[in-house]
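Heads up: the structure comes next, in structure tokens.
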Amino acid sequence: MDDELILLNPGPACTSQRVKDALLRGDLCHREPEFGDLLARLRADLPRALHLPDHEALLVTGSGTSAMEMAVISSVRAGREILVVDNGVYGDRLLKIARANGITAHVVRPDGDDLTRWTTPADPEAVRAALAEHPAVDAVAVVHHETTTGLINPIAAIGAIVAETDAVLVVDAISGTGNEDQDLGEVGADIVCGTANKGLHGLPGISFILCSAKGVERVQDVPARSLYLNAASYLKGQREGNVPFTPAVQVCYSLDEALQEYFEAGGFAGRTKLYRERAELVRAGFERLGLDVLVRPDLRSNSVTMLHLPETVTYDRLHDELKARGYVIYAGQGSLSSRFFRICTMGEIPWHRLEDLEGALSQSIKAARG
Ligand SMILES: Cc1ncc(COP(=O)(O)O)c(C=O)c1O
């Protein structure tokens, strides 16, 4: 792995050889009992891994956005509405999904330009006020870790407010499963969206939602707004060991292996500790190099760091210089793309490659200045 390109983008993240090898477990028809066994194991292990043992897992073949779309369209009953918390690209995506599917959506969003909105955490009191103002709201949707800037939202405080109502809480934890400190078991979320890749270290291509008893009840009460992404169809099929459509069987094998690795490495406690240590290591290097982190320290995630581009250095030059030295970084999104870049320490990354990052960054910045 020494000469391999290290992906420092927030997914797809690097995976271990063991996870890659699992792709070769063999061909398997998803209508055979062996697939039923694999599905049952994944449906048991995902909630256990994320401290949500009473939630029911539904797996879908697709990227994380398919889990988001399944969650949004399956959580709002006919004639009811959704409240979306938007302080980043993924909050905005939740909103777009609702509107694209004809669901009336209200939004709680910090004031200001992109830079201000995307560095301000969601405000639980604004959620409370919006719920009081819009009594037809049936679901509140919020992103746990806004990958846009590497900011953590106060989902537990929002969960406590939503729990006082009939609404369900939908949490996009796609960038926060296993890698961020907030224990999802302490949030009161009814529908949690996640993906096999990112913090769980599987391969991209399989995503999932985890539903509480209230979430399960809700998805069964909602009209089918999509053929492919209707959670109730998955619930019915998967309870019988089946999936409604052809799944990415081999990606399921890899997720199975990734979850075994996760448990062997100490589960949630072990994985979050590793991510905290990585953040400490690379951020100490950023500081020595004089690179400023955009997000306030108390709001920073363990896995994504948004940094100001050094003066006279363009993202494209920095990207290419770092890639030549073995690291792939990631641009800022939207209007922040010309001023910031992101470094993400998700996935399987040898420690020494993270230690070497500071030197590679230093050389790359010098070379990019020309
Ligand atoms: C918080 C969050 N939600 C949703 C997504 C969308 O996932 P995908 O690109 O796999 O569809 C991402 C991807 O980076 C994300 O970080």
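Along its three principal axes, how long is segment 25-264 when you only count alpha carbons? Whole Å, largest extent first please.
Cα extents, longest axis first: 52, 36, 28 Å.
Grab the Cα-Cα distance for D183 and S362, subtract it from 0.36 nm times how many residues apart they are, and report the gain in nm with one decimal.
My answer for the length gained is 60.9 nm.
Taking the Cβ of N101 as the centre, find all other residues whose Cβ is under 9 Å away and add up their charges (Lys, Arg: +1; Asp, Glu: -1).
Overall, the nearby charge balance is +1.
Order these by the 10 Å Cβ neighbour count, fewest first: W351, W118.
With the sparsest Cβ surroundings first, the list reads W351, W118.
Once label points are set 7 Å from the Cα along Cα→Cβ at both D221 and R77, what is their separation, rounded to one decimal in nm?
Rounded to a tenth, the inter-label distance reads 0.4 nm.
Which order results if R18, R218 are arranged by neighbouring Cβ count within 10 Å, fewest first?
Going from sparsest to densest Cβ surroundings: R18, R218.
Out of V168, A49, Y262, whose Cα points farthest toward the positive end of the dipole of segment 25-264 (charges: +1 Lys, Arg; -1 Asp, Glu; placed on Cβ)?
V168
Mind putting a number on the dipole of the chain about its Cα centre? Charges go on the C-beta only, +1 for Lys and Arg and -1 for Asp and Glu, and I need it in Debye to the nearest 20.
520
At A284 and E4, where each label point lies 7 Å from the Cα along Cα→Cβ, what is the point-to-point distance in nanometres?
That separation, rounded to one decimal, is 2.6 nm.
Using alpha carbon centroids, what distance separates segment 184-231 and segment 276-316, in Å?
Their Cα centres are 31 Å away from one another.
With a cap of 10 neighbouring Cβ atoms within 10 Å, and only residues DSSP puts in a loop, list the GluC sites (Glu not before Pro) found in segment 230-326.
Here the sparse-neighbourhood loop sites are E240, E311.
As a test of the formula, what do you get for the chain when each DSSP H run with n ≥ 4 contributes -39,500 (n - 2.57) and the sum is divided by the residue count, at 222 nm and rounded to the nearest 500 deg cm²/dmol?
One gets -12000 deg cm²/dmol as the mean residue ellipticity at 222 nm.
Which one, N197, S335, N87, is farthest towards the positive end of the dipole of the chain when Lys and Arg carry +1 and Asp and Glu -1 on their Cβ?
S335
Return the single residue from Q260, Q17, Q250 with maximal mean-square fluctuation; model: Gaussian network over the chain, springs between Cα atoms under 10 Å.
Taking springs between Cα atoms under 10 Å, the residue moving most is Q17.
Taking 0.36 nm per intervening residue step and subtracting the Cα-Cα distance, what contour gain separates T165 from D298 on full extension?
That works out to 45.0 nm of additional length.
Mind checking the full-extension length gain between R339 and R239? Use 0.36 nm per residue of separation minus the Cα-Cα distance, one decimal, nm.
31.2 nm
Under a cut-off of 14 Å between alpha-carbon atoms, report the aspartates and glutamates in cross-link reach of K214, not counting same-chain residues fewer than 8 places apart.
D54, E56, D138, E164, D166, D190
Coordinate-derived values only; no laboratory data. This one's a predicted model, so the numbers in the text were calculated from it and none came from an experiment. Note that we place each Cβ from the backbone using ideal geometry, even for glycine, and neighbour counts take in every protein chain shown.
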